[in-house]
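Where a number appears in this text, it was derived from the coordinates with a stated rule and is not lab data. This is a predicted model, so every value here is computed, not measured. Heads up, the Cβs are rebuilt from the backbone with ideal geometry, glycines too, and the neighbour counts pull from every protein chain shown.
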């Protein structure tokens with residue numbers, strides 16, 4: 001963790017950036033009182049900054065920096081500069097509940113970026129709450145988000161990532177390559193991979209946003225409900241459908257949802273080069289085998 005400090009701006013530079021973000025109109029910018037690295041493991045350097053604002057109030061800000069990290073997760077991640085654009089171009093216009101983005105900037109020469117967000121000290125990932133009520137509320141939020149992004153409120157979207165056939169098939173190829181680390185071949189796995197292009201076809205229509213990308217919205221629900229019980233999953237799907245499609249879900253929803261589940265199997269398997277060190281391997285392979293049968297290729 002100590003190595004992360006070298007990616008952070010000095011306090012004078014940070015205060016200048018925060019002054020621009022808070023737009024204090026010459027009244028003096030926030031005064032940094034304390035800085036500490038985020039206790040959570042993240043891809044990019046993050047810190048919690050305690051500031052005194054010009055009105056003498058004290059607040060905590062969550063700051064994220066690109067540093068020298070160049071990791072996209074095979075096209076899955078975008079980085080702080082991309083995240084800043086999502087807050088400005090997508091979340092702000094549609095007005096959904098989200099942490100406040102105070103501001104940020106991208107250096108036009110180096111491409112280095114940072115952003116300042118509202119710090120939520122007691123926040124947990126919804127999957128860590130272990131309450132079905134929280135899961136259903138999250139599903140409703142996702143459905144509302146997808147519905148609002150289709151109303152025309154969001155402007156240009158050409159800058160956003162799109163999950164293309166090439167993107168999906170990259171995970172399939174990496175899955176096949178990683179499977180060589182097993183002591184014996186899985187013939188059924190090769191069969192599913194051979195049909196993957198057709199099986200993932202329903203996800204190619206870029207109608208929604210997923211992980212800040214143009215992709216099938218069912219991917220978000222598949223991600224939310226992964227590893228949860230069938231009862232909780234059904235409740236989440238119902239809440240999502242009611243919020244996104246008040247008039248009723250499309251007939252193709254179930255097939256698209258299963259395709260999204262399939263994508264996540266390839267996503268996790270393809271992210272591990274050596275499966276002998278992947279603790280979730282057995283569960284993921286069981287799910288993939290079941291999906292292959294449900295989708296009619298096994």
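Counting pairs of alpha carbon atoms under 8 Å apart in space and at least six apart in sequence, what relative contact order in percent does the chain give?
Relative contact order for the chain comes out at 15 percent.
Which ordering of 277, 289 is given by a fewest-first count of other beta-carbon atoms within 10 Å?
Ranking 277, 289 by Cβ neighbours within 10 Å, fewest first, gives 277, 289.
Give the value in nm², to one decimal: projected area of the alpha carbon convex hull of the range 217-275, averaged over all directions.
The directionally averaged projection comes out at 4.3 nm².
By per-residue mean of other Cβ atoms within 10 Å, what is the highest-first order of 196-203, 97-104?
196-203, 97-104
Among rounded, prolate and oblate, which fits the range 2-118 when a ≥ b ≥ c are the square roots of the eigenvalues of its C-alpha gyration tensor, a/c under 1.5 means rounded, and a/b larger than b/c means prolate?
Note, shape of the range 2-118 comes out oblate.
Assuming a ≥ b ≥ c are the square roots of the Cα gyration tensor eigenvalues, decide whether the range 126-294 counts as rounded (a/c under 1.5), prolate (otherwise, with a/b larger than b/c) or oblate.
Verdict is prolate for the range 126-294.
Want the number for residue 169 to residue 88: 0.36 nm per residue separation, take away the alpha-carbon distance, what's left?
So the chain would gain 26.1 nm between residue 169 and residue 88.
What list do you get for 214, 234, 35 if you sort them by fewest beta carbons within 10 Å?
Final ranking by Cβ density, sparse to dense: 234, 35, 214.
Within 10 Å, count the other beta carbons around each residue, average over each peptide in 87-94, 177-184, and list them highest first.
Descending packing order for the listed peptides: 87-94, 177-184.
Hey, what number do you get for the chain at 222 nm if only DSSP H runs of n ≥ 4 count, each worth -39500 (n - 2.57), divided across all residues, to the nearest 500?
Dividing the helical sum by the residues of the chain leaves -12000 deg cm²/dmol.
Among rounded, prolate and oblate, which fits the chain when a ≥ b ≥ c are the square roots of the eigenvalues of its C-alpha gyration tensor, a/c under 1.5 means rounded, and a/b larger than b/c means prolate?
Prolate, because a/c is 1.5 or more and a/b exceeds b/c.
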